[in-house]
Amino acid sequence: MPHPKIQNALSRWTHEHWFLAGVFSVVGTMVIAIAPGMANAMREPATVSQQENVLLTLPEAREPQSADAGSGWHYVLVKKGQTLTHVFKELNLPLKAMRQMMVVPGARKDMSKIGPGKELAFELNAKGELMTLAFDRDEGTRIELSLEDGKAKENIIQREVDQEVAIASGIIKKSFSYDAKQAGLTTSSINKLADVFKYDIDFVEDLNDGDTFHVVYEDQWREGQRMRNGAVLAARIVTRGKTYTAYRFTHNGEAQYFDQNGNPLKKVLMRIPIEFARLSSTFGMRNHPVLGRMRMHKGVDYAARAGTPIMAAGDGRVGFVGWKNGYGRAIVIDHGQGRSTLYGHMSAFGKYKMGQHVNQGVTIGYVGMSGLATGPHLHYEFMINHQQVNPLKVTMPKPLPLSGTQLASFKASIAPSIAKMDSMERGLQFAKR
């Protein structure tokens, strides 16, 4: 057990943090009261910082404080470029104290991993001398190194992390990202959903006002404080009258996502090989923006910031990498069975060379405007037997669905999530009336 003084100090620190969070939460609620979100959960989500890897649940990061500030706890968020040595110097603490702590078996390894983003707590006595250094080794382990008469002692505290199942539900009014956050989802969960549904839904172009979403997810808590969203267990999105579902299920030792009938969501080829980009030009005849004449546009364009990663649409072998006339820097990937994809106007290539095998989703290059282009975008072509087809309309090949005992096990495992989402759907339909 930690020293009573240490425990009380950390308790005060946590209470101060949540008091400030509560004040800001009340103010924020008053500001958005005219447009409340449709958020429901099995446990009311607490206010969460956008930084989701909080370990010590410190107050807002403060500038390092001088030891002249007096006794008590002093809190530091290690900045980029800082080391533990820099922090000790800024706090006017002798490096001898740091070296004495490193003598403790295991402490040197833990302290050597302290870097940018790590949160530290220093307890000083009335003379400004270091008594305790506290930090988290990981989410479930807190390290407390105390000094007394020049000798250091380590106290390892195990902190239990609980996982609870929660549900976020809502109607899209502004954008999926905004309304999902209002419903309690964090940025990481929203990105995960975009990744899960990327074969069927463009989260920027396809979702509209009035569409609905329901997400069953794991919520991670520690000592009564919400840390972050965990894995997405199930999701249902209704857009333009069509329902898309995703359920997490372990198949062949790997967590994968399937629709309600046991069909894998992961396709052999991705329809959109770039995240959160805007469709800027479709497939077909158009007036070329550079040449100024009508010309067949044999692919689709996705406008995005220069440097945005471009992914391989599927497993395959690099058939071409280099400069390709008006395409500028381009890559062609052969996916077998007569299918290939082309990616043009890149600013730079990834690490893959001609003839190398690539896996679906790896970064093969970055958005640019090389070749005949007026702005940064990805030109994406989908070819079958060397003939370009519209990637937004072509039927993508699908992997085999679940069957037999695997399908029966899957159906049983998703039943509770379906019941939760059905209940929330009825609530949303009632709210729409």
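The values are calculated or read from the model by the stated rules, or taken from the named source; none is laboratory data. These numbers were taken from a predicted model, which means no experiment stands behind them. Don't worry about glycine lacking a Cβ; one is built from the backbone with ideal geometry, like all the others, and counts go over all protein chains shown.
Structure notes:
- Some residue of the range 370-381 being within 25 Å of the chain's Cα centre (by Cα) and not in a strand (DSSP E or B): yes
- The residue list K192, K173, K118 contains one member that is in the same structural domain as V87 (by TED's automatic domain parsing) and not hydrophobic (A, V, I, L, M, F, W, C), which is K118.
- G117 satisfies every condition listed in (1) more than 34 Å from the chain's Cα centre (by Cα); (2) in a loop (DSSP other than H, G, I, E, B) except (1).
- A single member of L291, L269 is farther than 17 Å from P399 by Cβ, outside any strand (DSSP E or B) and modelled with pLDDT under 90, and it is L291.
Residue-wise test of (1) of a type outside the set (G, A, S); (2) farther than 20 Å from S413 by Cβ; (3) surrounded by fewer than 22 Cβ atoms within 10 Å (Cβ to Cβ); (4) not assigned by TED's automatic domain parsing to the domain that holds E205.
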residue	(1), (2), (3), (4)
V216	yes, no, no, no
Q225	yes, yes, yes, no
A235	no, no, no, no
V238	yes, yes, yes, no
G241	no, yes, yes, no
Y244	yes, no, yes, no
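- Filtered residues of the range 93-113 (kept if part of a helix (DSSP H, G or I) and either of a type in the set (D, E, K, R) or touching a Pro at 6+ places or on another chain (Cβ under 7 Å) (or both)): K96, R99, R108, K109, D110
- Qualifying residue in the range 398-410 (condition: assigned to a strand (DSSP E or B) and surrounded by 15 or more Cβ atoms within 10 Å (Cβ to Cβ)): no
Conditions tested, residue by residue: (1) within 20 Å of Y199 (Cα to Cα); (2) without any contact (Cβ under 8 Å) to a residue 24 or more places away in the chain; (3) of a type in the set (S, T, Y).
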site: H345; (1), (2), (3): no, no, no
site: K351; (1), (2), (3): no, yes, no
site: Q360; (1), (2), (3): yes, no, no
site: M383; (1), (2), (3): yes, no, no
site: M396; (1), (2), (3): yes, no, no
site: S403; (1), (2), (3): no, no, yes
site: A415; (1), (2), (3): no, yes, no
site: K420; (1), (2), (3): no, no, no
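- Of all the numbered requirements in (1) surrounded by fewer than 20 Cβ atoms within 10 Å (Cβ to Cβ); (2) under 30 Å from G404 (Cα atoms); (3) aliphatic (A, V, I, L, M), I171 misses one, and that requirement is (2).
- On inspection, A126 qualifies as at pLDDT 85 or above and either assigned to a loop (DSSP other than H, G, I, E, B) or on the phi > 0 side of the Ramachandran plot (or both).
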